[in-house]
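The structure under discussion appears below in the form of structure tokens.
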Protein chains: 2
Amino acid sequence: MKIIAFPERGQWANLLARPVQDSREIEEKVAPILADVKNKGDQAIRELAFKFDKVTLDSLAFPAEAMERAADLLDDTLKDAIQQAYRNIRTFHSKQLQAVGKIETMPGVTCWRKSVGIEKVGIYIPGGTAPLFSTVLMLGVPAQLAGCREVILCTPSDHPAILYAAKLVGVTKAFRIGGAQAIAAMAYGTETVPKVYKIFGPGNQYVTSAKMLVSKEGVAIDMPAGPSEVAVYADDTAVPSFVAADLLSQAEHGADSQVLLVSTSKKLLSAVNLALVGQMDRLPRKDLAARAIENSKAILVESETDVIDLLNEYAAEHLILSVANAEKISEKIINAGSIFLGNYTPESCGDYASGTNHTLPTNGHARAYSGVSVDSFVKKITVQSITVQGLRNLGPVVEAMAEAESLDAHRNAVSIRLKSLE
Amino acid sequence: MKIIAFPERGQWANLLARPVQDSREIEEKVAPILADVKNKGDQAIRELAFKFDKVTLDSLAFPAEAMERAADLLDDTLKDAIQQAYRNIRTFHSKQLQAVGKIETMPGVTCWRKSVGIEKVGIYIPGGTAPLFSTVLMLGVPAQLAGCREVILCTPSDHPAILYAAKLVGVTKAFRIGGAQAIAAMAYGTETVPKVYKIFGPGNQYVTSAKMLVSKEGVAIDMPAGPSEVAVYADDTAVPSFVAADLLSQAEHGADSQVLLVSTSKKLLSAVNLALVGQMDRLPRKDLAARAIENSKAILVESETDVIDLLNEYAAEHLILSVANAEKISEKIINAGSIFLGNYTPESCGDYASGTNHTLPTNGHARAYSGVSVDSFVKKITVQSITVQGLRNLGPVVEAMAEAESLDAHRNAVSIRLKSLE
């Protein structure tokens with residue numbers, strides 16, 4: 001990693017800038033795919049699967065037997081691991097369910113919020129070399145807890161771990177559809193794929209672009225996506241080989257992964273650089289990782305205050321605090337997706353099984369967005385009930401305000417009731 | 001209103017469809033405005049204010065004296081009403097703040113979520129005949145409760161009620177800027193207007209289009225906007241004149257307001273129609289209201305089950321249940337922005353002062369979106385801390401899953417730590 005020593009604050013914005021991606025070219029390729037699926041439904045999906053992936057799809061839905069058989073195809077260690085991850089994710093997310101609490105804001109005026117699971121949601125899981133069954137858990141568990149009635153899964157992968165996880169989280173229908181056409185199928189509905197109200201999940205730039213385009217048409221999406229990121233703040237209590245391993249675990253996602261190391265200790269930065277070289281060589285994906293590490297930055301700063309300001313300006317998806325007073329520092333972090341404290345909390349624990357969600361805001365979106373949680377799968381509907389006495393108390397307030405906003409019919413809706421009580 | 005008797009379920013979708021708006025033409029007008037403000041900052045804002053509104057802006061910021069003096073310019077009745085609304089909204093929204101709860105998902109693995117106010121948020125309030133000071137309260141109170149550090153207000157209106165409300169909710173800076181250029185100023189920042197991370201508030205189609213465009217560039221927005229809506233379900237226990245008043249209070253928002261009345265009683269529908277005629281004549285905005293009522297629908301259906309299914313399919317922004325068993329029915333509603341129960345809970349109470357928020361999902365978005373709440377102004381950051389024993393418990397689970405996903409560096413981040421403990 002290139003070490004950048006004591007950059008001035010004026011340089012931070014440039015130093016921390018993410019690569020800007022021009023999405024227009026991709027959009028122009030994706031828009032016709034969406035239109036095709038909208039117009040021709042299942043037929044378009046079959047044609048596109050053949051055109052792009054040379055796959056002939058007989059049935060779009062995974063047969064029930066495939067879901068049932070998945071468990072038998074996995075070895076017990078992996079099956080147990082998936083079950084333990086499922087339990088931990090469930091334990092953490094179940095505390096996010098909120099009870100209804102009625103609030104009397106004035107005598108006779110009672111208001112409350114009820115959480116209702118979004119009726120129909122869709123989950124996309126990409127194919128490729130790495131079958132992301134962990135993401136099935138991360139999106140399926142909160143959907144299950146939220147009480148979503150229909151949970152649709154689209155994935156081009158038939159890896160048994162994906163189907164096993166889908167069964168665990170109660171996916172109601174699973175389809176063997178990949179790419180932008182899968183997003184279109186869930187956004188518009190086809191003869192066999194139900195239309196959903198919100199779409200979740202990672203994907204390549206075509207999938208991401210499809211999600212952005214359908215979101216303009218009123219289908220909700222989890223959040224805007226970008227390359228994965230980690231920022232590590234380490235001091236001399238950090239173990240350089242652990243830090244190096246964490247940086248590499250981010251870097252192996254791809255050459256566009258964003259990796260940032262910050263410290264007030266030059267010694268630590270040098271030691272991590274040394275450890276990186278040793279570990280990188282042993283990785284099967286070392287080419288990818290090497291390129292990401294080449295593009296990454298190790299920043300040496302003066303003080304802890306500088307570190308905190310810099311980290312808040314960057315707003316990392318994952319933030320590892322390998323420092324003596326990690327929890328204390330975490331309280332000063334206002335922009336991050338998820339924070340990992342101390343020497344024995346590697347990011348990969350959160351990626352898989354500690355219980356927190358791994359679908360997190362990238363690209364600086366942590367300034368305004370949260371990671372996925374049960375909140376992402378519910379709507380909160382407000383309800384209010386006013387008694388006759390309540391309206392006597394509240395009515396004049398509403399009449400005065402409606403009149404001042406020149407909304408006479410709003411005022412009248414109160415006045416006509418109050419008059420009837422005279 | 002046109003009464004539609006016993007439509008078949010197959011017809012519902014057409015019957016409940018909202019008018020589709022083509023946003024491309026507006027986008028083409030708005031995009032250059034955004035680019036102009038991005039490139040030329042304050043100067044562009046001054047030029048655009050002169051070009052579109054013939055306004056010469058000396059200072060973009062409202063002078064501190066204007067904020068201070070606002071209270072003196074309001075009569076006491078209105079000031080008291082605004083204060084009472086402020087207290088009720090605060091009471092209701094303050095219960096949405098969530099305490100941090102640490103959760104041990106496995107022995108030695110502790111995870112939690114902390115809510116942090118979005119550091120910089122922007123509120124837009126349109127000008128025009130009706131000064132929407134109520135919206136300043138509806139957006140400003142949750143921002144204040146969330147602990148947002150910088151709350152920017154842009155509005156072309158200098159109505160003292162807006163400035164008074166802004167002071168109450170702790171707006172940190174207020175600017176006399178209207179239209180798409182106000183959204184651009186807050187999205188990109190200018191010499192005087194700070195850049196914010198999330199933009200809230202209503203506006204005309206130019207403002208709405210500007211919000212959609214900047215959201216594609218990574219600035220979060222409250223929710224997609226559309227014309228305001230009410231659906232009323234009334235039975236023979238409803239008072240026809242009250243129902244008519246509620247329908248008109250929606251209709252006066254504009255000719256594109258969506259108004260829907262559903263009942264199993266033909267008698268009720270006819271009585272409401274009669275009451276509408278009488279009340280409409282007395283409204284100052286009667287032309288607007290008449291056009292909205294003309295486009296609206298009264299639907300007669302067979303059964304309560306039909307009503308509930310139809311209302312859930314429509315997903316109204318506001319839903320008034322003027323029926324005997326209103327609370328019971330409300331429990332079966334899964335798609336709505338806000339629900340009003342019984343004869344003495346007119347929508348206008350929620351619009352102004354009952355305590356619930358009036359920024360709600362329109363255009364069917366209630367299927368996946370919630371109204372504005374404190375949640376809209378915070379991010380929830382997850383934090384995790386794992387002890388040595390915790391990593392011994394959790395590590396093997398993560399190793400097995402990372403290996404199965406072919407992410408070796410992820411596995412290694414755990415293995416290197418476990419090996420160091422041997």
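What do you reckon, is A:K173 more than 9 Å from every other protein chain (Cβ to nearest Cβ), closer than 19 Å to B:E405 by Cα and open to solvent by 30 Å² or more (accessible area, probe 1.4 Å)?
Values: more than 9 Å from every other protein chain (Cβ to nearest Cβ): yes; closer than 19 Å to B:E405 by Cα: no; open to solvent by 30 Å² or more (accessible area, probe 1.4 Å): yes.
So A:K173 fails the test.
In the range A:366-381 there is no residue matching the filter, namely being more than 28 Å from A:P19 (Cα to Cα), within 7 Å of chain B (Cβ to nearest Cβ), touching a helix residue (DSSP H, G or I) at 6+ places or on another chain (Cβ under 6 Å) and open to solvent by 10 Å² or more (accessible area, probe 1.4 Å). The residues of the range B:109-155 that are over 15 Å from B:A220 (Cα atoms), touching a Phe, Trp or Tyr at 6+ places or on another chain (Cβ under 7 Å) and of a type in the set (G, A, S), listed by number, are B:S134, B:A146. Taking B:K297, is it farther than 23 Å from B:G364 by Cβ and either open to solvent by less than 50 Å² (accessible area, probe 1.4 Å) or touching a residue at least 60 places away in the same chain (Cβ under 8 Å) (or both)? Criteria not met by B:K297.
So if I check each of A:S322, A:S330, which one is touching a residue at least 60 places away in the same chain (Cβ under 8 Å) and within 27 Å of the chain's Cα centre (by Cα)? Steps first, answer last, please.
Numbers: A:S330 fails: touching a residue at least 60 places away in the same chain (Cβ under 8 Å).
Just one listed residue meets the conditions, A:S322.
Of everything in the range B:205-225, what is small (G, A, S) and more than 9 Å from chain A (Cβ to nearest Cβ)? Give them in sequence order. Of everything in the range B:205-225, those that are small (G, A, S) and more than 9 Å from chain A (Cβ to nearest Cβ) turn out to be B:S209, B:A210, B:A225. Within the range B:41-58, the residues that satisfy the criterion of being surrounded by fewer than 18 Cβ atoms within 10 Å (Cβ to Cβ) and either without any contact (Cβ under 8 Å) to a residue 24 or more places away in the chain or in the same structural domain as B:G350 (by TED's automatic domain parsing) (or both) are B:Q43, B:E47, B:F50, B:K51, B:K54, B:T56, B:D58. Restricting attention to the range B:353-365 and to residues that are under 15 Å from B:I334 (Cβ atoms) and of a type outside the set (G, A, S), the residue that is least open to solvent (accessible area, probe 1.4 Å) turns out to be B:P361.
Scanning the range A:254-266 for residues that are at the interface with chain B (Cβ under 10 Å from one of its Cβ atoms) and either more than 16 Å from the chain's Cα centre (by Cα) or buried (at least 24 other Cβ atoms within 10 Å of the Cβ) (or both) turns up nothing. Just to be sure I understand, how many residues within the range B:7-35 are assigned to a helix (DSSP H, G or I) and acidic (D, E)? The number of residues fulfilling the criteria is 3.
Residue count for the range A:179-231 satisfying the condition of being touching a strand residue (DSSP E or B) at 6+ places or on another chain (Cβ under 7 Å), under 24 Å from A:D351 (Cβ atoms) and either not polar (S, T, N, Q) or not in a loop (DSSP other than H, G, I, E, B) (or both): 15. Residues that are more than 9 Å from every other protein chain (Cβ to nearest Cβ) and hydroxyl-bearing (S, T, Y) within the range B:314-338 comprise B:Y314, B:S322, listed in sequence order. When each of A:A130, A:A187, A:A146, A:A180 is tested for being small (G, A, S), touching a residue at least 60 places away in the same chain (Cβ under 8 Å), out of contact with any Gly (no Cβ under 7 Å at 6 or more places or on another chain) and within 14 Å of chain B (Cβ to nearest Cβ), the lone residue that passes is A:A187.
Right, B:A409: open to solvent by less than 10 Å² (accessible area, probe 1.4 Å), among the small types (G, A, S) and touching a Phe, Trp or Tyr at 6+ places or on another chain (Cβ under 8 Å) or not? Break it down stepwise before answering.
Numbers: open to solvent by less than 10 Å² (accessible area, probe 1.4 Å): yes; among the small types (G, A, S): yes; touching a Phe, Trp or Tyr at 6+ places or on another chain (Cβ under 8 Å): no.
Answer is no for this residue.
Only residues that are among the charged types (D, E, K, R) and facing chain B (nearest Cβ under 8 Å): list them for the range A:88-113, please. Matches in the range A:88-113: A:K95, A:R113.
Per the conditions (1) touching a Cys at 6+ places or on another chain (Cβ under 8 Å); (2) within 11 Å of chain B (Cβ to nearest Cβ); (3) open to solvent by less than 50 Å² (accessible area, probe 1.4 Å); (4) of a type outside the set (S, T, N, Q), the sole criterion not satisfied by A:L78 is (1).
Looking only at residues of the range B:267-294 that are within 14 Å of another protein chain (Cβ to nearest Cβ) and buried (at least 22 other Cβ atoms within 10 Å of the Cβ), we find that the one that is nearest to A:D408 (Cα to Cα) is B:A289.
Tell me, which residue of the range A:1-36 that is among the basic types (K, R) and out of contact with any Pro (no Cβ under 9 Å at 6 or more places or on another chain) is most open to solvent (accessible area, probe 1.4 Å)?
Filtering the range A:1-36 for residues among the basic types (K, R) gives A:2, A:9, A:18, A:24, A:29.
Now narrow it down to the ones that are out of contact with any Pro (no Cβ under 9 Å at 6 or more places or on another chain): A:2, A:9, A:24, A:29.
Working: A:K2: 129, A:R9: 121, A:R24: 153, A:K29: 109 Å².
My answer is A:R24.
Applying the selection to the range A:217-250, what residues are charged (D, E, K, R) and either within 26 Å of A:I299 (Cα to Cα) or modelled with pLDDT of 95 or more (or both)?
To start, the set of residues in the range A:217-250 that are charged (D, E, K, R) comprises A:217, A:222, A:229, A:235-236, A:246.
Scanning the range A:217-250 gives A:D222, A:E229, A:D235, A:D236, A:D246.
The values are calculated or read from the model by the stated rules, or taken from the named source; none is laboratory data. Model, not experiment: these values are computed from the prediction. Reconstructed Cβ throughout: ideal geometry from the backbone, glycine too, with neighbour counts over all protein chains shown. Ligands, DNA and RNA are excluded from the accessible area calculation, which covers all protein heavy atoms including side chains. Shrake-Rupley method; radii C 1.70, N 1.55, O 1.52, S 1.80 Å.
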